[in-house]
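Asker: Would you mind keeping the following structure in view while I ask a few things?
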Amino acid sequence: MKTEDKGRKWMWLFLGLALALKFYFVQELIAAFVLFAIVFAAIVFVILSLYMLQKGWEVAVARFVESPRLSGSGLKAGARDAMSSRGSVAQHQVV
């Protein structure tokens, strides 16, 4: 009878230990999942931030190109001056 009680004691101890290990394993899985989710969210945040910066840059450049300050004689004069200065630099380099 006493050996049977000792066997039951060890059986309950082993079952309790197995149950505790399973809970610990589940806790580790949950912790790993949380860490994975945080890293994934950080990567998504960086990618979306870069995408939004690129789209904002695209809109800013489009507005800048279409602005009235760039149209008309000012743009033509600026282009003419730039081309003439390049030509004179090229001529000086040849000589």
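The numbers here are math on the coordinates, done by the rules we state, and not lab data. All values reported here derive from a predicted model rather than from experimental measurement. All Cβ positions, even for glycine, are placed from backbone atoms using ideal geometry, and neighbour counts span all protein chains on display.
Asker: Under a no-solvent Debye model with one identical scatterer per Cα of the stretch 1-67, what's log10 I(q)/I(0) at q = 0.17 Å⁻¹?
Answerer: Debye intensities relative to I(0), on a log10 scale: -0.78.
Asker: So how far apart, in nm, are the two label points at residue 41 and residue 23 if each is 7 Å from Cα heading toward Cβ?
Answerer: In this crude spin-label approximation the distance works out to 2.7 nm.
Asker: Per residue of the stretch 33-50, what does 6.51 cos²θ - 1.76 cosθ + 1.60 with θ = phi - 60° give for ³J(HN,Hα)? Whole Hz please, x for Gly and Pro, Karplus curve as stated.
Answerer: 5, 5, 5, 4, 5, 5, 5, 4, 5, 5, 5, 4, 4, 5, 5, 5, 5, 5
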